[in-house]
Amino acid sequence: MKVNHSLKLVLMLYFISHLVAVFFVNLLGFTGFSSTPYIRLFFGLVLIVYFYIFIQNANYQLVIFNDFYMFFRVYVLLGFIWFIIGFSNFNFYFVTDFVYYVIFVLSFFVCAHLLTVDSYFESDLWLFICKLASFSSVFCVVMKVLGVNPPGTILLFIFVVFITIFFTKSNDNVEKYFWIITFSLLALVTVLNRAFYLQAILVFIVASFIRFNVYDYFKYFSFMFLSIVILYFSFDFISEYIIAGTQLERRISETINIFHSGISEEISIPMLQRLYEVQLVTEKFIESPWMLAFGFGFGPVLDMSSSIDASLKGSQLMGAEMTHNIHFLHASLLYRYGVLGVLVYLYMLLKVSRYILFIKKDFYENSLILFSALYILSAFVFSISASSTIYVDPVLPISLAILGASYFRSET
């Protein structure tokens, strides 16, 4: 089978299959957490089929070695251990976790190859990403109108493209896509959750730090302070006339109440659920301290029979009392991958943060690099209170591959 392999094709397959899967599971009546594995497995299997075709036909050789490839190789080696540990307690979530792991590894490997082999290098990749983000943003607006919630990871991708264009040198080729994305995000503001806004604030601050020099900081922070004051005093008007009755209004009010009154069952059952999950993870490691180094591998579950969150217990794929999804990122990483896995991910974050300093030197010429670095940071912040993104989002390893390939090219 003859295929013109490219990173563009990988991204197109992922976005199309992801959006199509969301529509189909909604048509079939799947809702809540139980629909998520089917969506992810669908686009995951589409990508695996493509990667299989690539490996069968491409003359590949990954010979580059730098910090990003070092992370990849250690991650692969640890994967064998997580597989063995998880297989000893085999269940359906072991299969899903292993599939997600394979997608992560193959996404990095294939895209790193495509980006580091001259014949596959695409100088217009950033323009393509902007086009893809603008198309996806319009499609997400259509989904909202039809009563279907747009996928969070797609919205994350769209926002990072938006912020990258906003802070980089103006380019007539991408300006029209910027405005399409801007108006689409405004139309989607009521379906965005707290995790999205948290990462948006952090990414905006980081991008601003890179963009401005020291003499601009006073003006920048003055603008930020004024914006916060205006939003604070206009919240009552916004909540009553713009976002009244929406998920966003409920989440903001809930967060404000937590700051004012602390966490209570009446205020935040979801927050209590997250703390309960951390408690169970702690108890698991107290019972089996020898598991702390490598974690419980692929597919571990927690017994939710004592949870007070009825919505969670009624929507699990493996029965009402077993959950695989641990919301807080630190607890999830530790439970699945242990201390060594946490250190590997921290190493990746450290290298991405250091790479941002390189971006600062040639900011206007590095839109693609900036996008990749900001996307990785965004994915982690987005996952702090809902951890699954970092395990299943193929754009994360693709971004790592872009950084690794660009670092290699800057050194040769």
At PHE204 and ASN89, where each label point lies 7 Å from the Cα along Cα→Cβ, what is the point-to-point distance in nanometres? 4.1 nm
What is the extension gain from TRP290 to VAL342, computed as 0.36 nm multiplied by their sequence separation minus the C-alpha to C-alpha distance, in nm to one decimal? 17.1 nm
Interchain or long-range residues, amide H under 5 Å from MET322's placed H: MET304
Calculated FRET efficiency for the pair ARG354/LEU9, C-beta based, R₀ 41 Å, to 0.05: 0.85
Rounded to the nearest 0.05, what FRET efficiency do ASP124 and HIS330 give with R0 = 56 Å and r taken as the Cβ-Cβ distance? Could you check? 0.90
Can you work out the Karplus-derived ³J(HN,Hα) for every residue in the range 131-142? Use 6.51 cos²θ - 1.76 cosθ + 1.60 with θ = phi - 60°, whole Hz, and x for glycine or proline. 4, 5, 5, 5, 4, 5, 5, 5, 4, 5, 5, 4
With θ set to phi - 60°, apply the Karplus curve 6.51 cos²θ - 1.76 cosθ + 1.60 along the range 95-111 and write out the HN-Hα couplings as whole Hz, x wherever there is a Gly or Pro. 5, 5, 4, 5, 4, 4, 5, 4, 4, 4, 5, 5, 4, 5, 4, 5, 5
Env charge @ PHE15, Cβ radius under 15 Å, K,R +1 / D,E -1, value +2
What is the sum of charges, Lys and Arg at +1 and Asp and Glu at -1, for the other residues whose Cβ falls under 13 Å from the Cβ of TYR93? +1
Could you pull out the pairs from LYS8/LYS351; LYS144/LYS284; LYS8/LYS144 whose alpha carbons sit more than 31 Å apart here? LYS144/LYS284
Phi-based couplings in Hz for the range 272-284 (Karplus 6.51, -1.76, 1.60; Gly and Pro marked x): 4, 4, 5, 5, 5, 4, 4, 4, 5, 4, 4, 5, 4
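A short reminder: the numbers here are calculations on the coordinates, not readings from a lab. All values derive from a computational prediction rather than experimental measurement. Please note: Cβ atoms are built from the backbone with ideal geometry, for glycine as well, and neighbour counts cover all protein chains shown.
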